[in-house]
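**Q** Take this structure, written in structure tokens, and hold onto it; I'll ask about it next.
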Amino acid sequence: MGKPTLAARLRAGDSIYSGWIATPEPLIAETAARQAFDCVCVDMQHGLHDPVSVMRSIGGIVHAGKPAGVRVPVGDFAMASRALDMGAEAVIAPMINSVADARALVAATKYPSLGERSWGPARALSLQGIPDAATQLATANDATLAFAMVETKQALDLLDEILAVEGIDGVFMGPSDLSLTLSGGKEVAPAADWMDEPIRRIAARARAHGKIACAFGADPVRARYFTDVGYHFVALGPDAIYLASGIRTMLEGLR
């Protein structure tokens, strides 16, 4: 692997801006990867991806020269393992609401003795240029990332305990669901003023544990805000917004 991995860049303190692809068309993921994004993630939770589109999208992303990430469906730890075998460098697991959930994520994404990930990384070896199985075994636990989504009041209350789980590389703050649960189901307000304190708290506690703080930014202004308050991995999207924005910009040039 000639260039630094996504994990190495994040641990060095780089700010990473990731594309976010919900549409299950690999050419869209590849096109996004050929832009200035540092990384491209495909979304199985709220996006429309299935395992086949994930596999093909990862190939397009990596061949375009970028690392790939996958957000798996809720509780689908088997897919977390498969995404890594397919060549993803990061797995984002939604609704990690307990220490047990965090440990299950580690079990699926890290090889023994840290975790229980089953052996079978044939696609990852070829995509990432890993020369042999011994190198994969020696490097994969550090070179791949397990991000636990903190997006509920329950997870926020257990933030330090989740961050303390060995093998959890960072937490991914989901602002919409977090606002939904903190408001008692009354509103979805990811940019509300009262969200500032928990948002900053998550970044600060991740930093205190030596872990990576990640967030989803719906627009460049919000993405910059997350970077400014201590998040090093910020997803920008989704792809439907890229398309709508591009169309709008082109038509504004005509009318």
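**Q** If ligands, DNA and RNA are left out, what is the accessible area of His49 with a 1.4 Å probe, given in Å² to the nearest 10?
**A** The value for His49 is about 10 Å².
**Q** Rank these residues by their accessible area, most exposed first, probe 1.4 Å: Thr249, Thr139, Thr227.
**A** Most to least solvent-accessible, the answer reads Thr249, Thr139, Thr227.
**Q** Could you give me the ³J(HN,Hα) list for region 239-253, computed from phi with Karplus coefficients 6.51, -1.76, 1.60 and θ = phi - 60°, whole Hz, x at Gly and Pro?
**A** So the Karplus estimates, Gly and Pro as x, are 5, 4, 5, 4, 5, 4, 5, x, 4, 4, 4, 5, 6, 4, x Hz.
**Q** HN-Hα J couplings of region 63-75 from phi, Karplus 6.51/-1.76/1.60, θ = phi - 60°, integer Hz, Gly and Pro as x?
**A** Result, rounded to whole Hz: 5, 7, x, 10, x, 10, x, 9, 8, 8, x, 4, x.
**Q** Rounded to the nearest 500, what is the chain's calculated 222 nm mean residue ellipticity when only DSSP H runs of at least 4 contribute -39500 (n - 2.57) each, over all residues?
**A** -13500 deg cm²/dmol
**Q** Relative contact order (percent) for region 68-198, with alpha-carbon contacts under 8 angstrom and 6 or more residues of separation?
**A** Relative contact order of region 68-198: 23 percent.
**Q** State the Cα centre-to-centre distance between region 30-105 and region 141-213 in whole Å.
**A** Computed from Cα coordinates, the inter-centre distance equals 18 Å.
**Q** Sorting Leu127, Leu137 by accessible area (1.4 Å probe), largest first, what list results?
**A** Of Leu127, Leu137, the descending order of accessible area is Leu137, Leu127.
**Q** Counting heavy atoms of the protein chains only and a 1.4 Å probe, report the per residue accessible area for the chain as a whole number of Å².
**A** 44
**Q** May I pose another question? Could you order the peptides 6-14, 92-100 from most to least packed, using the average number of other C-beta atoms within 10 Å per residue?
**A** Packing proxy ranking, top to bottom: 92-100, 6-14.
**Q** Next up: Can you give the accessible area of Leu254 in Å² (nearest 10), computed on protein heavy atoms with a 1.4 Å probe?
**A** Using a 1.4 Å probe on the heavy atoms, I get roughly 140 Å².
**Q** Please state the charge dipole magnitude for the chain, taken about the Cα centre, from unit charges on C-beta atoms (+1 on K and R, -1 on D and E), reported in debye and rounded to the nearest 20.
**A** The calculated dipole for the chain is roughly 400 debye.
**Q** Something else about it: Taking the Cα centre of region 174-255 as the origin and placing charges on Cβ (Lys, Arg +1; Asp, Glu -1), which of Ala244, Leu180, Ile202 is farthest toward the positive end of the dipole?
**A** Most positive-ward Cα: Ile202.
**Q** With the full set of protein chains in place, find how many percent of the accessible area of region 133-255 is carbon and sulfur; take the probe as 1.4 Å.
**A** 59
**Q** Next question. At a Cα cut-off below 28 Å, give the lysines reachable from Lys110, other chains included and same-chain residues fewer than 8 away excluded.
**A** Leaving aside lysines fewer than 8 places away in the same chain, those within reach of Lys110 are Lys3, Lys66, Lys153, Lys211.
**Q** With θ taken as phi - 60° and the coefficients 6.51, -1.76 and 1.60, list the Karplus ³J(HN,Hα) couplings across region 3-20 in order, rounded to whole Hz; mark glycine and proline as x.
**A** 9, x, 5, 4, 4, 5, 5, 5, 5, 7, x, 5, 8, 10, 10, 10, x, 9
**Q** Which far-off residues, 5 or more places away or on another chain, put their amide H under 5 Å from the one on Val150, with H placed in the peptide plane?
**A** Phe172, Met173, Gly174
**Q** Compute the relative contact order of region 207-255 as a whole-number percentage, counting only Cα pairs closer than 8 Å that sit 6 or more residues apart in sequence.
**A** Reported relative contact order: 33 percent.
**Q** Assuming a ≥ b ≥ c are the square roots of the Cα gyration tensor eigenvalues, decide whether region 19-171 counts as rounded (a/c under 1.5), prolate (otherwise, with a/b larger than b/c) or oblate.
**A** Oblate, since a/c reaches 1.5 and b/c is not below a/b.
**Q** Next question, about the same structure. Below 8 Å, C-alpha to C-alpha, sequence gap of six or more: please give me the relative contact order for the chain in percent.
**A** Answer for the chain is 18 percent.
The values are calculated or read from the model by the stated rules, or taken from the named source; none is laboratory data. Being a predicted model, the structure only gives us computed values, none of them experimental. When we count neighbours, we look across all protein chains shown, and the Cβ atoms used for this are built from the backbone with ideal geometry, even at glycine. Heads up: the accessible areas ignore ligands, DNA and RNA and are worked out on the full protein's heavy atoms, side chains in. Shrake-Rupley method; radii C 1.70, N 1.55, O 1.52, S 1.80 Å.
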